[in-house]
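Student: My questions all concern the structure below.
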Amino acid sequence: MSVEMNGMYIPFAKAPDSMPRYVRPALFSTGDEKWELQVCGSAFLAKYHGWHFGLATAHQTNTNKGGPDASKFVVLVEEDGRTLAVPPVNLHIPSIDDDADQALKDLTFFDYGSVEPKYRAHHLDLSNVFWSDDVGVTDYSFLVGYPTSSAVITLDPDDYSALSSFQARWIRQDLQAGAPQSLDPEHRDIFVKHEKSKRLSVPPDGLSGSPVFSIVSIPTGERFLRFDGIVTNALADRFAVYPSVHIKDMLDDIIAARVKKAADAVSDPALSHDPQ
């Protein structure tokens, strides 16, 4: 009656409430003295075959529509009593050539693989989870994210242009598979609020980048965590989710390129210099 998360087995009913340590508000550095950070949706922190990364949708960083620049992404980490905003060392944005698959470009991977361990936040290890194309009986599904409406902002009473406090609050929503409709984004799985859920509905703004998971069981009675994907589009209680099987393919390509680069650097030390 438990599932594995980062090498530990926890009661499967408690799995959703263990997720917020791996899901963060998507924060971006502004360089402004008063408004140092900008929130734009949600982000998922994960590890795959030893590579640490953050994951969000590409449209969260669409500067043409007023979004922050992807290069300004940061994760807050507590170190020696200080709160540090840690940037990634690199970005990986999918390159899709086929016109029919352009909808698969809506991802950005933030590379934390070379960041010192003490400056890394918690990352969920995906090496032993199920993916969206894996079979299994779904016990229940859920998302975790940071809707804009759940943020608590308090202004400084002595200076209303300054913040006194800001708290981004996470929510969990219980989901079930939904039927596709004609206007759905391409290459997405559809989830809707579970018909028996007693959780409040919230406006979905800010839930882009939120990961969706399921607890699935197999004939032996074992239960596993399945990473279904991340939310890219939503309307009320209906969520279009980028299937994790495509994310896995991209992760395999990124890691293969990293392995090749490391091997090339060993054979030719001149190649080990990374201009970025």
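The values are calculated or read from the model by the stated rules, or taken from the named source; none is laboratory data. Quantities reported herein were computed from a predicted structural model and do not represent experimental measurements. Heads up, the Cβs are rebuilt from the backbone with ideal geometry, glycines too, and the neighbour counts pull from every protein chain shown. All accessible areas refer to the heavy atoms of the entire protein, side chains included, with ligands and DNA or RNA removed. Shrake-Rupley method; radii C 1.70, N 1.55, O 1.52, S 1.80 Å.
Student: If the Cβ limit is 6 Å and pairs must be 6+ apart or interchain, which residue in the stretch 249-268 that is charged (D, E, K, R) pairs with which residue that is surrounded by fewer than 14 Cβ atoms within 10 Å (Cβ to Cβ)?
Tutor: 264/271
Student: Continuing with the same structure: Give me the strands (runs of 3 or more DSSP E) completely within the stretch 3-117, filtered to those with at least 1 residues that are among the aromatic types (Phe, Trp, Tyr) and touching a Leu at 6+ places or on another chain (Cβ under 9 Å), ordered by residue number.
Tutor: Once the strands (runs of 3 or more DSSP E) in the stretch 3-117 are filtered for at least 1 residues that are among the aromatic types (Phe, Trp, Tyr) and touching a Leu at 6+ places or on another chain (Cβ under 9 Å), what remains is 23-29, 37-48, 51-56, 73-79, 108-111.
Student: Could you tell me which numbered condition residue 68 fails, if it satisfies all but one of (1) more than 14 Å from the chain's Cα centre (by Cα); (2) open to solvent by 20 Å² or more (accessible area, probe 1.4 Å)?
Tutor: (2)
Student: With the condition kept exactly as written, say whether any residue in the stretch 39-59 is polar (S, T, N, Q), within 18 Å of residue 91 (Cβ to Cβ) and open to solvent by 30 Å² or more (accessible area, probe 1.4 Å).
Tutor: Looking through the stretch 39-59, none of the residues is polar (S, T, N, Q), within 18 Å of residue 91 (Cβ to Cβ) and open to solvent by 30 Å² or more (accessible area, probe 1.4 Å).
Student: Considering only residues of the stretch 72-83 that are open to solvent by 40 Å² or more (accessible area, probe 1.4 Å) and out of contact with any Pro (no Cβ under 8 Å at 6 or more places or on another chain), which is nearest to residue 229 (Cα to Cα)?
Tutor: 76
Student: Further question: Might you check whether a residue that is in contact with a Gly (Cβ under 6 Å, 6 or more places away or on another chain), crowded, with 16+ Cβ neighbours inside 10 Å and closer than 18 Å to residue 45 by Cβ occurs anywhere in the stretch 125-144?
Tutor: The answer is no; no qualifying residue exists.
Student: Only one of 174, 252 is open to solvent by 20 Å² or more (accessible area, probe 1.4 Å), more than 25 Å from residue 2 (Cβ to Cβ) and not small (Gly, Ala, Ser); which?
Tutor: 252
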